[in-house]
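> One structure, pasted below without further comment.
The values are calculated or read from the model by the stated rules, or taken from the named source; none is laboratory data. Treat the numbers as computed from the prediction; the structure is a model and nothing was measured. Because the Cβ atoms are built from the backbone with ideal geometry, glycine has one as well, and the counts that use them run over all protein chains shown. Only protein heavy atoms, including side chains, enter the accessible area calculation; ligands, DNA and RNA are left aside. Shrake-Rupley method; radii C 1.70, N 1.55, O 1.52, S 1.80 Å.
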Amino acid sequence: MTVKRKQSLQESNSDEKNYKMVPPEGGWGYLVCIGLSVIFIAGTAHQPVFGFIYNDFLNDLGAGTGAVTVVYGVFQVTVALAGFSANIALKKLSLRQVGLIGAFIYTLASFLAIFVVSTTQLIITNGLLQGLGMGLLIPVSYTSFNSYFTKKKVLYLSLCKASIGLITMVYPLFIKFTIIEYGFRGTLAILCAISAHSIFGAIVMHPVKWHMVKEIKSCEKIVLIPPTPAVDDNEDKFNFPKVENGGTKNKGTRSVENLLIANNNKPKNGSQLLFVPKLDDSRRLSIPVVLIPDNAKTDSKFNSSDNVYLENLYKAASVSSLGNFGNIAAEPMPIIKNKEGKWQTVAEFLDLTLLKDLVYDNIIIGMSLAFFSDLTFFTLEPLFLDKNHLSRAEIANIIATGGATDMSARLLLAVSGQFFRMNSRYMFYIGALLTAIFRIVFIQYTTYIPLLVLTGVLGALRSFLHIAQPIVMAEHVPIERYPPAYGLYMLLAGFISLTVGPMIGFIRDYTGNYVLAFLMLTMCNVFCVLPWTIEAVLKYVMRRKSSKGNQG
């Protein structure tokens, strides 16, 4: 028995040396995809027909359709605030726990909505409580999805979005049937039962570490070093030797930069190292590491007994949440806490330090504007078509064509994702740019056939925005910072809806000109495309200068 036990221990130790744990790229991740689809179907599929469901009820109260706008506005604001606040909850609870809280709140709101007798109660149930529930569920769903997939995100998210879109398309017919058969309150009871399925969606959001799979790795050992000297300002303390001309001054220590020099036989400057993550399919590291072979002795010259270093060492993030970087298994760097007062504490607690990343700021501002523009355009389009004296049948055909091409494009992206690796930010950029161009063409026409064709094109381009939107940030920030990153995006998107939205609505009502409103929405796309283009040009110029400097 003792010999067998020793052999099993040796085998397990050998496995630890030869393998690393990586996301499954499937497995339980397929259930996570189903859970994500169920959550969004339960929470958002009925929103386009909200006015149809409550029309007679609101007319009986004498409230009119203005109450629909109020409820929807409260819902959007609450979703934004709750999405931002989800980061606070995730500091104490797991993703699945926060998701379950959101699902129970949303289901409770749907149950209470069955008994509403006034617009105030409707605002509380369908605006405030449902918004709170969905605000917690959205970042949890996207974070779980992004943690299970690194290589096939576009493929599986396209399938999820396609299923959501398909159900949303048939929802009006379903609601019409239930109202005829079961009446207003019966329909609300059925919607409550559908909302309860969000609990199942939250239950399947298992931590990814439960389902990690083994992958062969090179045997490297990681040594933690602080990013700045903890007690001593002596620069020599952190001078690790580098590889020169394919050789090494000291083979005992290699940095990430030196590792790349050794692999490519040519030096790389600091700015080029920003593009290291694109060399591998794995998720991005947020931390520098120093690599030491297993047979080498660690000779750390920094003062590891320093109290600040030790304090922050225990506050480092978990290894499983950081993932891996090619053949490098990464341990977290200790973060030296900057004790500058209450504001600094609040900023760290809410992870507002993300806003110091100008690329991240550029991403969330551009995405918020383009996504707001997309949603508002397709909301106003039926009114624009009606003003151009098109019949109801023609308007229905145009809207249906837009939805059909959107669905087809999502399925096409899913198939393409099986064969091609698509950069989500490029996808969003192309979608925003082409949408702006075709929207300008769209407003030049007032007849049926051109508007039908152009709506079909715009519907297809819409899929680029909706598929890429949850993935763009996941490819920029480390996975452990995705919830606060997406929460800040939701907060900004809510702010834009509250400010830019009413402004465009006021101008449209004051002038009665939908063309002007569509031009303003197109400018929102331009304010996404133009800064992203400038960023790309600046990066290109910096790379050219760096490469010339190295050659000189």
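> Output the number of the condition that Pro334 fails; it satisfies all remaining conditions of (1) over 21 Å from the mean Cα position of the chain (by Cα); (2) open to solvent by less than 70 Å² (accessible area, probe 1.4 Å); (3) at pLDDT 85 or above.
Single failed check for Pro334: (3).
> Could you look through segment 385-396, keep only residues that are part of a helix (DSSP H, G or I) and more than 15 Å from Gly459 (Cβ to Cβ), and pick out the one that is most open to solvent (accessible area, probe 1.4 Å)?
Arg392
> Has segment 512-531 got at least one residue that is without any contact (Cβ under 8 Å) to a residue 60 or more places away in the chain, out of contact with any helix residue (DSSP H, G or I) (no Cβ under 7 Å at 6 or more places or on another chain), over 19 Å from Leu380 (Cβ atoms) and part of a helix (DSSP H, G or I)?
There is at least one residue in segment 512-531 that is without any contact (Cβ under 8 Å) to a residue 60 or more places away in the chain, out of contact with any helix residue (DSSP H, G or I) (no Cβ under 7 Å at 6 or more places or on another chain), over 19 Å from Leu380 (Cβ atoms) and part of a helix (DSSP H, G or I).
> Across segment 97-130, what is the total count of residues that are farther than 15 Å from Phe57 by Cβ and either outside any helix (DSSP H, G or I) or among the polar types (S, T, N, Q) (or both)?
Count: 4.
> Looking at Leu358 and the list (1) open to solvent by less than 20 Å² (accessible area, probe 1.4 Å); (2) at pLDDT 90 or above, which single condition is not satisfied?
Looking at each condition in turn, Leu358 falls short on (1).
> Contact list please: Cβ distance under 7 Å, first residue in segment 364-384 and in a helix (DSSP H, G or I), second residue polar (S, T, N, Q) and open to solvent by 20 Å² or more (accessible area, probe 1.4 Å), pairs at least six apart or on different chains.
Final answer for the pair search is Phe372/Ser497.
> Separate question: Take the conditions of a type in the set (Phe, Trp, Tyr), without any contact (Cβ under 8 Å) to a residue 12 or more places away in the chain and in a loop (DSSP other than H, G, I, E, B) and apply them to Tyr445. Does it pass?
For Tyr445, the condition - of a type in the set (Phe, Trp, Tyr), without any contact (Cβ under 8 Å) to a residue 12 or more places away in the chain and in a loop (DSSP other than H, G, I, E, B) - is met.
> Then there is this: Name the residues in segment 443-455 that are open to solvent by less than 60 Å² (accessible area, probe 1.4 Å) and either under 30 Å from the mean Cα position of the chain (by Cα) or β-branched (Val, Ile, Thr) (or both), would you?
Ile443, Leu454, Thr455
> Starting from residues that are within 23 Å of Leu492 (Cα to Cα) and open to solvent by less than 20 Å² (accessible area, probe 1.4 Å), keep the ones in segment 50-77 and report whichever is modelled with the lowest pLDDT.
Among residues in segment 50-77 that are within 23 Å of Leu492 (Cα to Cα) and open to solvent by less than 20 Å² (accessible area, probe 1.4 Å), the one modelled with the lowest pLDDT is Val71.
> Counting only residues that are part of a helix (DSSP H, G or I), modelled with pLDDT under 80 and open to solvent by less than 20 Å² (accessible area, probe 1.4 Å), how many does segment 24-49 have? Spell out the reasoning first.
In the first step, residues of segment 24-49 are kept if they are part of a helix (DSSP H, G or I); the result is 28-44, 47-49.
Remaining after also requiring modelled with pLDDT under 80: 47-49.
When the remaining residues are screened for being open to solvent by less than 20 Å² (accessible area, probe 1.4 Å), the result is 49.
Counting residues in segment 24-49 that are part of a helix (DSSP H, G or I), modelled with pLDDT under 80 and open to solvent by less than 20 Å² (accessible area, probe 1.4 Å) gives 1.
> Another question, if that's okay. Within segment 521-549, track down each residue that is of a type in the set (Phe, Trp, Tyr) and surrounded by 15 or more Cβ atoms within 10 Å (Cβ to Cβ).
Hits for segment 521-549 are Phe527, Trp532.
> Residues in segment 199-210: is at least one assigned to a helix (DSSP H, G or I), charged (D, E, K, R) and touching a strand residue (DSSP E or B) at 6+ places or on another chain (Cβ under 9 Å)?
Yes, some residue in segment 199-210 is assigned to a helix (DSSP H, G or I), charged (D, E, K, R) and touching a strand residue (DSSP E or B) at 6+ places or on another chain (Cβ under 9 Å).
> For segment 175-196, state whether one or more residues are modelled with pLDDT under 90, under 30 Å from the mean Cα position of the chain (by Cα) and surrounded by fewer than 17 Cβ atoms within 10 Å (Cβ to Cβ).
Within segment 175-196, none of the residues are modelled with pLDDT under 90, under 30 Å from the mean Cα position of the chain (by Cα) and surrounded by fewer than 17 Cβ atoms within 10 Å (Cβ to Cβ).
> I'm checking my understanding of the structure. Among residues of segment 506-520 that are open to solvent by less than 50 Å² (accessible area, probe 1.4 Å) and either of a type in the set (Ser, Thr, Tyr) or more than 19 Å from Asp386 (Cα to Cα) (or both), which one is nearest to the chain's Cα centre (by Cα)?
Met520
> Right, something else. Scan segment 116-127 for residues that are buried (at least 18 other Cβ atoms within 10 Å of the Cβ) and free of Cβ contacts under 8 Å to residues at least 60 places away in the same chain and report the count.
Number satisfying all stated conditions: 5.
> Run down Gly487, Gly459 and say which single residue is within 27 Å of Lys153 (Cβ to Cβ), surrounded by 20 or more Cβ atoms within 10 Å (Cβ to Cβ) and over 20 Å from the mean Cα position of the chain (by Cα).
Sole residue among the options that is within 27 Å of Lys153 (Cβ to Cβ), surrounded by 20 or more Cβ atoms within 10 Å (Cβ to Cβ) and over 20 Å from the mean Cα position of the chain (by Cα): Gly459.
> Would you confirm whether any residue within segment 88-96 is within 17 Å of Met490 (Cα to Cα), open to solvent by 50 Å² or more (accessible area, probe 1.4 Å) and either touching a helix residue (DSSP H, G or I) at 6+ places or on another chain (Cβ under 8 Å) or in a helix (DSSP H, G or I) (or both)?
Within segment 88-96, one or more residues are within 17 Å of Met490 (Cα to Cα), open to solvent by 50 Å² or more (accessible area, probe 1.4 Å) and either touching a helix residue (DSSP H, G or I) at 6+ places or on another chain (Cβ under 8 Å) or in a helix (DSSP H, G or I) (or both).
> Any idea which residue in segment 143-167 is least open to solvent (accessible area, probe 1.4 Å), counting only those that are within 21 Å of Asp406 (Cα to Cα) and of a type outside the set (A, V, I, L, M, F, W, C)?
Ser158
> Can you tell me which residue within segment 197-217, out of those that are in contact with a Leu (Cβ under 8 Å, 6 or more places away or on another chain) and of a type in the set (Val, Ile, Thr), is surrounded by the most Cβ atoms within 10 Å (Cβ to Cβ)?
Of everything passing the filter in segment 197-217, Val204 is surrounded by the most Cβ atoms within 10 Å (Cβ to Cβ).
One line per residue, one yes/no per condition, for (1) within 18 Å of Val529 (Cβ to Cβ); (2) surrounded by 23 or more Cβ atoms within 10 Å (Cβ to Cβ); (3) out of contact with any Leu (no Cβ under 7 Å at 6 or more places or on another chain); (4) at pLDDT 95 or above:
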residue	(1), (2), (3), (4)
Leu412	no, no, yes, no
Arg421	no, no, yes, no
Leu434	yes, no, no, yes
Ile437	yes, no, yes, yes
Pro470	no, yes, no, no
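> Based on what the data block shows, is Ile399 open to solvent by 60 Å² or more (accessible area, probe 1.4 Å), out of contact with any His (no Cβ under 8 Å at 6 or more places or on another chain) and among the β-branched types (Val, Ile, Thr)?
On the way: open to solvent by 60 Å² or more (accessible area, probe 1.4 Å): yes; out of contact with any His (no Cβ under 8 Å at 6 or more places or on another chain): yes; among the β-branched types (Val, Ile, Thr): yes.
It is true that Ile399 is open to solvent by 60 Å² or more (accessible area, probe 1.4 Å), out of contact with any His (no Cβ under 8 Å at 6 or more places or on another chain) and among the β-branched types (Val, Ile, Thr).
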